[in-house]
Amino acid sequence: MSNSFLWKASDEKIHNSNLYQYVKYLSKKKFLKETKNYHQLWSWSIENPKQFWSSFWDFSKIIGTKGTEIISSKNIFFEEKFFSDSKLNFTKNLLVKKDNDLAIHFRSESGFEKNISWKKLYQNVCKLSYKLKSLGIKKNDRVVGYLPNNIEAVISFLATAKNGSVWSSCSPDFGVQGVVDRFLQIKPKIFITCNYYFYNGKKINLTQRIQEIIKRLPSVEKVIIHSYDYKEIKLNNYLFLEDIFKEKNLDETFEEFEFNHPLYILYSSGTTGVPKCIVHGAGGSLIEQKKEILLHCNIKNKDNIFYFTTTGWMMWNWLIAGLSCGANLKLYDGSPFYPNKEVLIKYCEDHKFTLFGLSAKYIDFLKKEKFSSENYKLDKLEIITSTGSPLVKESFRYVYECIKKDIHLSSISGGTDVVGALVMGNIFDKVYAGEIQGASL
C-alpha cells in the first residue's frame, strides 16, 4: 500500500451502505451487474444518464410525477431539458415525517438552544405558507431572508418553496450594501429577518440596518421579523413570526410544479461588479443534493448532519436538503472559535453528529493549534466532509492522527453555480492523503 493510504471502509460498512444498496437495486433492474468498483458505477452513470437519473428518482423515493422524458436530446447543450414532463413539490420532499421525533436542533454561541420536532416543523411551515398566501404572495414572487443559520430560516425557506415562490437569503454578517446589491435585482415582496445575532462574543443588533435596507428595496411590501429568543418586544409595525406560528390556519396543499420551476436564487462572488443572480430549479436541486447526501455521504434516516455554514453560502442550501433523507439537522450560529476553539467539536460530541461538514481552513486551524479530540467521544461520527479550499496532505493525516482514525474523510468540491459537488467521496474507494476520491455520479 502507498504511504499516502489512510482509510478504507470495512466490508460490513460497505455492504450496509446506501451506495451498495443502490448497486443491488440496479442489478435487480438489470441495468448494471453488482459491483463494488466505484469507477465502474460512475462510468455507467455518465454513459447512461437517462437510466441513472430515472433509477435514482425511484430508488430514493422522490415524491412527484416522474414523467417519461428524463433528458430531452438536443444538439445544443443548453437547449436540453431535464425531466421536462415531471412535476414535484420541493417542500413536500423535505417534510418526510410528521411525528414527534427531533427534526432540527439549533445552538448559538451565546448558549441559547432550541429543538423542533418533525410535527411542529410541518405545522409551522404550513402556517407561514398560509400567511404568505394571505399577503398575496404567489408563484414566482420573491421572498428573501436576512437571517442567521437557525430554525426560523429553514421554516421560511420551506414555506416559500412550498408555494412555488422563489427564495433568496443573505446572512447577517452582510452589510447594508451587500444585501441591497443582491436583493435589489430580484425585487422581493417579503423580507424576513431577525432583530439580532451573535458573533465572537458580541450581540449584534440588526434593527437599524434593517430599516436602511428596506428604504432601498422599494418592492418590499411586508417585513416579517422574529426575535432571537422570543423574549424581545415587537419592532415597528413589522409582522412577528412567533405570532404567525401561534395562529391556527394551516395551508396543507402541496401543489406540484414543473421540475425546472425556480426554487432559489444564489449569487456569484461579486469580484467583477455587482454579484450575479444564479437561479436554481426545484427538481434539479433536490435530485442532485439528495444523490450527494444519500449515496456519496451515506446518510440515513435519523442520522445527525451538520455543516458549519451561514445562510449566505450554498452549503446551507445543501444542508437543508438532508431533511429529504430523514436526517436530523444540526444548526449553529456564531464563531467556530468562540468561546473556545473546541466549540464545534463539543457540539459534535453532544449531539452525536454522523456527518461533520467543515471548511479546509477550519481543519488547518485545528492542526496549527495542535488540537486533539482525545477527550471527546466521537463514536457516532462516520464522515467528515471538507470544502471551501483544497485540503492539503498534512491536514488529511492530521484528521486521522488527531480527530478520529476510523472516519471517512471526504474532500469535496463544487460550486454555487451547480449548488452541489462535482467531485466528492464514496464509501467503496480508499482515502489517500491530499486526494479527492472521485467524480460525483
inquiry  = Could you go through the range 236-244 and let me know if any residue there is touching a helix residue (DSSP H, G or I) at 6+ places or on another chain (Cβ under 7 Å) and part of a helix (DSSP H, G or I).
reply    = yes
key: Checking Ala9 against (1) part of a helix (DSSP H, G or I); (2) in contact (Cβ under 8 Å) with a residue 60 or more places away in the chain, the condition it does not meet   = (1)
inquiry  = Tally up the residues in the range 67-102 that are free of Cβ contacts under 8 Å to residues at least 12 places away in the same chain, more than 20 Å from Ser45 (Cβ to Cβ) and part of a helix (DSSP H, G or I), please.
reply    = 2
request  = Determine whether Asn298 is assigned to a loop (DSSP other than H, G, I, E, B) and within 16 Å of Ser108 (Cα to Cα).
outcome  = no
note = When the range 12-30 is checked residue by residue, the ones that are among the hydrophobic types (A, V, I, L, M, F, W, C) and free of Cβ contacts under 8 Å to residues at least 60 places away in the same chain are Val23, Leu26
query = With (1) in a strand (DSSP E or B); (2) hydroxyl-bearing (Ser, Thr, Tyr); (3) within 23 Å of Val279 (Cβ to Cβ) as the list, and Tyr197 as the residue in question, which single condition is left unmet?
reply = (3)
query = Identify, please: which residue in the range 91-136 is in contact with a strand residue (DSSP E or B) (Cβ under 6 Å, 6 or more places away or on another chain) and within 27 Å of Gly281 (Cα to Cα) and is, among those, surrounded by the fewest Cβ atoms within 10 Å (Cβ to Cβ)?
reply = Leu135
ask   = Of the residues Ser324, Ser335, which single one is among the small types (Gly, Ala, Ser) and out of contact with any helix residue (DSSP H, G or I) (no Cβ under 6 Å at 6 or more places or on another chain)?
value = Ser335
request  = Collect the residues in the range 295-333 that are within 17 Å of Lys119 (Cα to Cα) and in contact with a Gly (Cβ under 7 Å, 6 or more places away or on another chain), keeping them in residue-number order.
outcome  = Asn301, Lys302, Leu329
task = Search the range 120-145 for residues that are at positive phi and pair each with any residue that is crowded, with 17+ Cβ neighbours inside 10 Å and in a strand (DSSP E or B) when their beta-carbon atoms are under 8 Å apart and the residues are at least 6 apart or on different chains.
result = Asn140/Val166; Asn140/Pro262
ask   = Can you spot a residue in the range 96-117 that is of a type outside the set (Ser, Thr, Tyr), within 17 Å of the chain's Cα centre (by Cα) and closer than 19 Å to Tyr264 by Cα?
value = no
ask   = Of the residues that sit in the range 410-441 and are crowded, with 21+ Cβ neighbours inside 10 Å and of a type in the set (S, T, N, Q), which one is nearest to Ile14 (Cα to Cα)?
value = Asn426
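For (1) open to solvent by 40 Å² or more (accessible area, probe 1.4 Å); (2) in a helix (DSSP H, G or I), each residue gets a yes or a no:
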site	(1), (2)
Val154	no, yes
Pro188	no, no
Arg209	yes, yes
Glu212	yes, yes
Leu217	no, no
Val223	no, no
Tyr228	no, no
Asp251	no, no
Glu255	yes, no
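For (1) modelled with pLDDT of 95 or more; (2) surrounded by 13 or more Cβ atoms within 10 Å (Cβ to Cβ), each residue gets a yes or a no:
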position: Pro262; (1), (2): yes, yes
position: Leu266; (1), (2): yes, yes
position: Thr271; (1), (2): no, no
position: Val274; (1), (2): no, yes
position: Gly281; (1), (2): yes, yes
position: Ser285; (1), (2): yes, yes
ask   = Going through the range 334-361 one residue at a time, which ones are open to solvent by 10 Å² or more (accessible area, probe 1.4 Å), part of a helix (DSSP H, G or I) and either in contact with a Gly (Cβ under 9 Å, 6 or more places away or on another chain) or modelled with pLDDT under 95 (or both)?
value = Val343, Lys361
ask   = If only one of Ile76, Ile71, Ile14 is touching a Pro at 6+ places or on another chain (Cβ under 8 Å) and either at pLDDT below 95 or surrounded by fewer than 19 Cβ atoms within 10 Å (Cβ to Cβ) (or both), which one is it?
value = Ile71
request  = Sort out which residues of the range 26-58 are surrounded by fewer than 18 Cβ atoms within 10 Å (Cβ to Cβ), of a type outside the set (S, T, N, Q) and assigned to a helix (DSSP H, G or I), and write them in order of number.
outcome  = Lys28, His39, Trp42, Ile46, Glu47, Pro49, Lys50, Asp58
key: Within the range 371-409, considering residues that are basic (Lys, Arg) and either under 19 Å from Ala327 (Cβ atoms) or in a loop (DSSP other than H, G, I, E, B) (or both), the one least open to solvent (accessible area, probe 1.4 Å)   = Lys404
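The values are calculated or read from the model by the stated rules, or taken from the named source; none is laboratory data. Small disclaimer: the values here were computed from a predicted structure and weren't measured. Methodologically, a virtual Cβ is constructed for each residue, glycine included, from the backbone with ideal geometry; neighbour enumeration extends over all protein chains shown. Protein only, heavy atoms only, side chains kept; ligands, DNA and RNA dropped before computing areas. Shrake-Rupley method; radii C 1.70, N 1.55, O 1.52, S 1.80 Å.
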